[in-house]
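Below: the structure, in structure tokens.
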Amino acid sequence: MKNLLFSALMLFSTAAVISCSTDPDPDPSQPSGAMVPKKIERSYSQNYPVSTITYTYDGNKLKEINLNPQYDVSKVKFTYTGDNITKMELFSGVNFTPYTNYDIEYQNDKMVKYSATYNGTTTVRNYTHHSDGTITTDNVSNSYMKFTTSNGNITKIESFSNGAVTSTNNFTFDDKNNIHKNITGLNKIIELERLVWDLTQVNTNNKLSDDSGNNTYTYEYNSDNFPTKSIKTQGTSTTTSVITY
């Protein structure tokens with residue numbers, strides 16, 4: 001009986017070793033752990049072609065996004081230093097021609113500067129983080145911008161010229177998880193939507209309204225409270241995004 005039991009244990013151990021040795025190695029291009037988007041498909045009421053954004057990861061760090069159709073920006077590559085994104089390289093067209101590079105700097109783990117290089121010319125934008133949670137850009141020709149944050153969301157953007165407010169954009173939010181919430185370091189990029197037009201600004205939550213263009217947003221969510229579908233409405237036009245994690 002002891003011999004039979006010993007033989008059975010040896011057989012089980014051998015099978016377990018074989019099983020472990022033949023398991024495929026994890027794919028480093030796939031996300032690990034927390035939920036992150038793998039693909040977003042956008043359709044438009046104006047009958048534009050459906051557009052697709054595909055994400056590639058190293059763990060939860062974003063390696064690149066690919067965009068199709070490839071009219072303008074067709075790919076963006078991301079470089080990290082630690083958990084901070086320190087470079088974004090934009091490419092255009094089907095041949096992925098270098099387009100714009102952003103070099104990003106941080107202090108105390110907060111973004112304080114980017115240098116944008118396009119066509120051999122470099123422009124710089126600086127940010128100052130204030131104790132009340134607001135963020136301001138550097139003053140250029142007596143003009144600057146101010147960002148008001150609340151609970152991890154940018155709720156207001158104001159433009160100033162000669163000390164006077166020239167425009168104000170207000171935003172409201174749901175209480176669910178932002179699509180890009182779990183992508184390492186992406187939440188630190190200020191004005192992300194201006195730098196990479198096809199990415200959603202990483203607030204804590206998702207926008208419900210944006211009065212800059214009278215935009216409204218509605219969502220469907222999964223069981224983890226991440227959006228699986230969003231509809232942006234501006235006047236009579238809609239953009240529908242379907243998100244796959």
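Since every read-out is calculated from the coordinates, none of them should be taken as a lab result. Bear in mind that the values here come from a model prediction, so they are computed numbers and not experimental data. Please note: Cβ atoms are built from the backbone with ideal geometry, for glycine as well, and neighbour counts cover all protein chains shown.
For this structure, a couple of remarks:
- Exposure proxy for 245, 217: other Cβ atoms within 10 Å of each Cβ, ordered fewest to most, give 245, 217.
- Charge dipole of the chain (Cα centre as origin; +1 on each Lys and Arg Cβ, -1 on each Asp and Glu Cβ, all else neutral): 140 debye, rounded to the nearest 20.
- Helical contribution to [θ] at 222 nm, DSSP H n ≥ 4, -39,500 (n - 2.57), averaged over the chain, rounded to 500: -3000 deg cm²/dmol
- Sorted from longest to shortest, the spans of the Cα atoms of the chain along the three principal axes equal 92, 43, 41 Å.
- With respect to the chain, whose longest principal axis is taken over its alpha-carbon atoms, helix 2-22 is tilted by about 30°.
- Stokes-Einstein, applied to the Kirkwood radius of segment 102-245 over Cα pairs at a viscosity of 1.306 mPa s and 10 °C, places its translational diffusion at 96 µm² s⁻¹.
- Contact order for the chain, expressed relative to its length and based on alpha carbon pairs under 8 Å spaced 6+ residues apart, stands at 14 percent.
- Cβ-to-Cβ counts within 10 Å put 181, 156 in ascending order as 156, 181, the fewest first.
- Most fluctuating residue given options 172, 52, 121, as computed from a GNM of the chain linking Cα atoms under 10 Å: 121
- The string of couplings for segment 186-197 from the Karplus curve (6.51, -1.76, 1.60, θ = phi - 60°) is 5, 5, 8, 7, 6, 6, 4, 5, 7, 7, 10, 4 Hz, one whole number per residue in order, with x for Gly and Pro.
- Shape of segment 101-182, Cα gyration tensor, a/c cut at 1.5: oblate
- Taking amide H as placed 1.01 Å from N in the peptide plane, residue 60 has its amide H under 5 Å from the amide H of 32, each at least 5 places away in sequence or on another chain.
- Among 173, 238, 142 - extreme Cα towards positive end, dipole of the chain, charges at beta-carbon: 238
- Highest average packing first - 133-143, 98-108, 199-209, Cβ atoms within 10 Å: 199-209, 98-108, 133-143
- Summing Lys and Arg as +1 and Asp and Glu as -1 over all other residues whose Cβ lies under 13 Å from the Cβ of residue 41 gives a net charge of +3.
- Separation of the residue 103 and residue 119 label points, Cα + 7 Å toward Cβ, nm: 2.1 nm
- Distance from segment 106-152 to segment 177-195 (C-alpha centre basis), Å: 15 Å
- In plain terms, the residue of 145, 111 with the fewest other Cβ atoms within 10 Å comes first and the most crowded comes last, giving 145, 111.
- Applying the Karplus relation 6.51 cos²θ - 1.76 cosθ + 1.60 with θ = phi - 60° to segment 60-76 yields 3J(HN,Hα) values of 9, 8, 7, 8, 6, 10, 10, 10, 9, x, 9, 6, 10, 6, 10, 7, 10 Hz, where x marks Gly and Pro.
- Cα centroid of segment 66-92 to Cα centroid of segment 44-61, whole Å: 13 Å
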